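To start, the structure under review is shown below, and the notes come after it.
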Amino acid sequence: MLAELGKDITANVPTLVDYSRKNWSEGQNKLYFLPPQVQPQPSDVVKPLTIGPTLRWDWYKEIGAPEINNTDDLLNVIEQIVKNHPTTEDGKKVYGVSMWQDWGLWPYIVPFVFQTSQTAVTTDLMQKAAGADDFINILTDESSNYWLAMDYYNKANRRGLLDPDALTMKNNDYMAKATAGQLVSGPADWAMGDFNSQYAKDGKGFMVVPAGKFAWNGGVNPIGWGDKSYSISKSSKHPVKAMQFLNYLYSYEGARTMYSGIEGTHWDMVDGKPQLKEETFALKTAGGQQWESTGIALDRNLIALGSAVVDPATNTPVDLFSTSEAIMKSLNALQKDFSEYYGVSQPGDVFAKYIEEGKLIDSNTALKGKTQEQILQEATVVAPVLTEDLLKLESQLKELAARSAAKIILSKTDEEFAKNKQEALDAFKKAGADQITEFYNAAYDQALKDAGLQ
């Protein structure tokens, strides 16, 4: 169906189509999978960050927004805030640190990338720092996100800052606490329930703040987000309709509609260029249910093209909200206050300034000085895929890591923490963690050689 019904796919993401055929079809050279968020070139605009150390901005500003260089600094800030705001206005207890337990090892990995810059490709257990050449195993390498998490949550618990439900709570319960204003910090602004949608218009709410050494910004995804993809199942009753839908997602029109709304309702074509309506900016700024009901950019997991991808017909990004002018026009009171405090026009400029001054790096840092060909070559290195036996081992290790985490985090003294940590390290190695490390690094080295990069 690709030739007849996938013209936008073949025209707009040819590199992805070739890659998918070559690497995701078990040698059949057929197209089975298409991932979302395909973006071959980095954006030159730093948008307001949505993931990273996230704090109640009004409370953080209240204590002078002290600099945060590491997780210890972050805990010191959180402790000051909790001291000033032990309860919500309606008397509920406020917790400095919390997490949820139904996303696997997520709370022990993602919240700490701001300090390590380590991210994964095809398995959570193997991660690589920005600009680094080698992957490390998060369970056996003590510089990993996992072990930084153990140290952080243990210290938070011993300071009385950790939510007692953190080791058993599900995401929905966590979100409810965030919405009720019971949390001081989090891993992302979207992880703080509906608090911002209710109070950002009044200047209260959560913002990702500059901290550590890495900002979740930039980078390229010429083959999309590697941890998810779409396909048409063999049992589909309407494969033609499914194909038409997928093609629409990869069209400039489809991406613009999903990011920016409906032509004539949310934006108009003016002098050959799409322009957002003033009412749309007002709707976004106000937030709340009325904005969410538009469906605009509601789930980026489903949008096939990255927000900075430019429609050649109009020479504008498919996400009409991603230009500097649009960002500034759509700021709410919370974002404006944040920007004014740091003396910039919009929240993303805070991070752009830190990056320019060398205080932070982002995913674009490693791309500087490289040609488009080099960037594409590196970004399309075939990431290792664990064998069936190693996938089973990975699952067992993840369960062991989750069980070990609770015991380590609840350690009452430095000595008990060191003992529990060593026991976990020994258990991970005994369970076979090194097998995954050896296989993955050998496969990655071979992939670099095959791509002509080693």
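The values are calculated or read from the model by the stated rules, or taken from the named source; none is laboratory data. All values derive from a computational prediction rather than experimental measurement. For neighbour counting, all protein chains shown are included, and Cβ atoms are generated from backbone atoms with ideal geometry for every residue, glycine included. Note: areas computed on protein heavy atoms with side chains; ligands, DNA, RNA excluded. Shrake-Rupley method; radii C 1.70, N 1.55, O 1.52, S 1.80 Å.
If you scan the stretch 137-174, which residues turn out to be under 20 Å from the mean Cα position of the chain (by Cα), surrounded by fewer than 22 Cβ atoms within 10 Å (Cβ to Cβ) and either small (Gly, Ala, Ser) or in a loop (DSSP other than H, G, I, E, B) (or both)? 170, the sole residue that qualifies. Filtering the stretch 307-323 to residues that are open to solvent by less than 50 Å² (accessible area, probe 1.4 Å) and more than 14 Å from residue 50 (Cβ to Cβ) leaves 308, 309, 311, 314, 316, 317, 318, 320, 323. Taking (1) open to solvent by 30 Å² or more (accessible area, probe 1.4 Å); (2) under 22 Å from the mean Cα position of the chain (by Cα); (3) over 30 Å from residue 178 (Cβ atoms) in turn, residue 27 satisfies each apart from (2).
Selection of the stretch 275-289 for residues being surrounded by 11 or more Cβ atoms within 10 Å (Cβ to Cβ) and either touching a Leu at 6+ places or on another chain (Cβ under 6 Å) or farther than 20 Å from residue 307 by Cβ (or both) yields 276, 282, 286, 288. Scanning the stretch 258-306 for residues that are in contact with a helix residue (DSSP H, G or I) (Cβ under 8 Å, 6 or more places away or on another chain) and among the basic types (Lys, Arg) gives a single hit, 284. The set of residues in the stretch 50-85 being out of contact with any strand residue (DSSP E or B) (no Cβ under 8 Å at 6 or more places or on another chain), crowded, with 22+ Cβ neighbours inside 10 Å and aliphatic (A, V, I, L, M) is empty. Checked against (1) part of a loop (DSSP other than H, G, I, E, B); (2) within 30 Å of residue 285 (Cβ to Cβ); (3) of a type in the set (Gly, Ala, Ser), residue 352 passes all but a single condition, namely (1). Remark: pairs (first residue in the stretch 337-362, farther than 17 Å from residue 44 by Cβ and open to solvent by less than 10 Å² (accessible area, probe 1.4 Å); second residue among the polar types (S, T, N, Q) and assigned to a loop (DSSP other than H, G, I, E, B); Cβ separation under 7 Å; 6+ apart in sequence or on different chains) = 339/345; 339/346.
Is it fair to say residue 442 is at pLDDT 95 or above, exposed (fewer than 13 other Cβ atoms within 10 Å of the Cβ), over 21 Å from residue 167 (Cα atoms) and not charged (D, E, K, R)? Yes, satisfied. Of all residues in the stretch 116-133, those satisfying the criterion of being of a type outside the set (Asp, Glu) and open to solvent by 50 Å² or more (accessible area, probe 1.4 Å) are 119, 121, 122, 131.
I'm trying to understand the selection: among the residues of the stretch 242-256, which are open to solvent by 40 Å² or more (accessible area, probe 1.4 Å) and within 21 Å of residue 306 (Cβ to Cβ)? Within the stretch 242-256, 245, 248, 252, 253 qualify.
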